[in-house]
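Take a look at the structure set out below.
The values are calculated or read from the model by the stated rules, or taken from the named source; none is laboratory data. The structure displayed is predicted, hence computed values, not measured ones. Note: ideal-geometry Cβ built from the backbone for every residue, glycine included; neighbour counts use all protein chains shown.
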Amino acid sequence: MSADGPRRHGVARVLSKLGLASRTVAAGWVRDGRVAVHGRVVRDPEFPVVQGRDALAVDGRPVAASERLYVALHKPRGLVTTTRDERGRDTVYRCFDGAGLPWLAPVGRLDKASEGLLLFSNDPEWAARLTDPATGPDKTYHVQVNQPPDDALLARLVAGSRVDGEHLAAKSAVLLRSGGKTAWLAIVLAEGRNRHIRRLLEAEGVGVRRLVRVAIGGLELGDLGAGQWRPLDAADRAQLGGGHPPVSATPRRPPR
């Protein structure tokens, strides 16, 4: 509490912090006149309220914090990581159809062509810690490339390259196996930027055939099938504290 009293936040932000909806959706509720504060309808998403003190209601029903839920999904290729897509493409939420889950937001993202471990939660503070470069865990990927790498290439991936004005680098890059004209790499990122691995490899003239995120911190994708999800318990969440699992010499076969 500050010297001026409890800290106030916009009502849409508070509804999101309570795990009821994304901030954008909550702002829409407010503008549509569905949200009341102490029985009075407000239409300004920035209307100041104190979480836990002011009485909020949506559609006439009092608001309480949603039970916190943490979920791991094996994202398949071909789905976009967004709540809704303006181009009408299938999103990752297709995997939750019929599950009756509360509102969940992606914790980070994977691009449409990528697959693997993707987290969801209605706990925005937990999600912010995981996605903050200063506090978030490493992320491990198995990447099939279109040419066997040499040691010099692997070293350059760790040293990094300037790509589109950004310095992109891997924390580590290890050859898992090679055969013919392709190879599998294990690449660990301390910080993931938009299409980070693909852009880093493209800068070296290397094409990506498959990209699978196999671990976040110590939490592994394991045997979770493409499109399948499972809730995370306290032990799972503890695995997200940092570090990454040992890199297997034989990468898990990517889903078809």
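Condition first: surrounded by 13 or more Cβ atoms within 10 Å (Cβ to Cβ), in a strand (DSSP E or B) and out of contact with any Phe, Trp or Tyr (no Cβ under 7 Å at 6 or more places or on another chain). Now tell me which residues in segment 144-165 satisfy that.
Val145, Ser161, Val163, listed by residue number.
Only one of (1) farther than 29 Å from Arg237 by Cβ; (2) among the charged types (D, E, K, R); (3) touching a helix residue (DSSP H, G or I) at 6+ places or on another chain (Cβ under 6 Å) fails for Lys75. Which number is that?
(1)
When segment 86-106 is examined, which residues are found to be among the small types (Gly, Ala, Ser) and not in a loop (DSSP other than H, G, I, E, B)?
Ala105, the sole residue that qualifies.
Identify, please: which residue in segment 107-127 is assigned to a loop (DSSP other than H, G, I, E, B) and more than 9 Å from the chain's Cα centre (by Cα) and is, among those, surrounded by the fewest Cβ atoms within 10 Å (Cβ to Cβ)?
Ala113
Can you run down the residue pairs with Cβ atoms below 8 Å, 6 or more apart or on separate chains, where the first is in segment 139-153 and farther than 12 Å from Arg177 by Cβ and the partner is basic (Lys, Arg) and surrounded by 20 or more Cβ atoms within 10 Å (Cβ to Cβ)?
Here the result reads Lys139/Arg213; Thr140/Arg213; Tyr141/Arg213, each pair linking segment 139-153 to a residue that is basic (Lys, Arg) and surrounded by 20 or more Cβ atoms within 10 Å (Cβ to Cβ).
With the checklist (1) among the acidic types (Asp, Glu); (2) modelled with pLDDT under 95; (3) surrounded by 20 or more Cβ atoms within 10 Å (Cβ to Cβ) in hand, flag the one item Asp90 doesn't pass.
(3)
So that you can scan it fast, the table gives a plain yes or no per residue for (1) in contact (Cβ under 8 Å) with a residue 12 or more places away in the chain; (2) touching a strand residue (DSSP E or B) at 6+ places or on another chain (Cβ under 7 Å); (3) assigned to a strand (DSSP E or B):
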position: His167; (1), (2), (3): no, no, yes
position: Ala173; (1), (2), (3): yes, yes, yes
position: Arg177; (1), (2), (3): yes, yes, yes
position: Leu185; (1), (2), (3): yes, yes, yes
position: Val188; (1), (2), (3): yes, yes, yes
position: Glu191; (1), (2), (3): yes, no, no
position: Arg199; (1), (2), (3): yes, yes, no
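Restricting to segment 35-55, count the residues that are over 18 Å from Arg7 (Cα atoms) and either crowded, with 16+ Cβ neighbours inside 10 Å or β-branched (Val, Ile, Thr) (or both).
So the count comes out to 4.
Mind checking which residues of segment 1-38 are part of a loop (DSSP other than H, G, I, E, B) and modelled with pLDDT of 90 or more?
First pass over segment 1-38, keeping only residues part of a loop (DSSP other than H, G, I, E, B): 1, 3-4, 6-8, 18-22, 32-34, 38.
Result: Asp32, Gly33, Arg34, His38.
Here are the criteria: (1) under 24 Å from the mean Cα position of the chain (by Cα); (2) modelled with pLDDT of 95 or more; (3) surrounded by fewer than 20 Cβ atoms within 10 Å (Cβ to Cβ); (4) over 26 Å from Gly78 (Cβ atoms). Tell me which single one Leu175 does not satisfy.
(1)
Looking only at segment 4-17, which residues are of a type in the set (A, V, I, L, M, F, W, C) and farther than 12 Å from Asp54 by Cβ? Break it down into steps so the answer makes sense when it comes.
Taking segment 4-17 as the starting set, the residues that turn out to be of a type in the set (A, V, I, L, M, F, W, C) are 11-12, 14-15.
Hit for segment 4-17 is Ala12, nothing else.
Quick check, is Thr24 without any contact (Cβ under 8 Å) to a residue 60 or more places away in the chain, in contact with a Leu (Cβ under 8 Å, 6 or more places away or on another chain) and among the polar types (S, T, N, Q)? Lay out the reasoning, then the answer.
Details: without any contact (Cβ under 8 Å) to a residue 60 or more places away in the chain: yes; in contact with a Leu (Cβ under 8 Å, 6 or more places away or on another chain): no; among the polar types (S, T, N, Q): yes.
Spelling it out, it is not the case that Thr24 is without any contact (Cβ under 8 Å) to a residue 60 or more places away in the chain, in contact with a Leu (Cβ under 8 Å, 6 or more places away or on another chain) and among the polar types (S, T, N, Q).
Does segment 129-136 contain at least one residue that is within 20 Å of Asn194 (Cβ to Cβ), in contact with a strand residue (DSSP E or B) (Cβ under 6 Å, 6 or more places away or on another chain), modelled with pLDDT of 90 or more and in the same structural domain as Gly207 (by TED's automatic domain parsing)?
no
Hey, can you tell me all the residues within segment 32-72 that are of a type in the set (Val, Ile, Thr) and free of Cβ contacts under 8 Å to residues at least 60 places away in the same chain?
Val35, Val37, Val41, Val42, Val49, Val50, Val58, Val63
So, in segment 52-62, how many residues would count as being in a loop (DSSP other than H, G, I, E, B) and farther than 23 Å from Tyr93 by Cβ?
Total meeting the criteria: 5.
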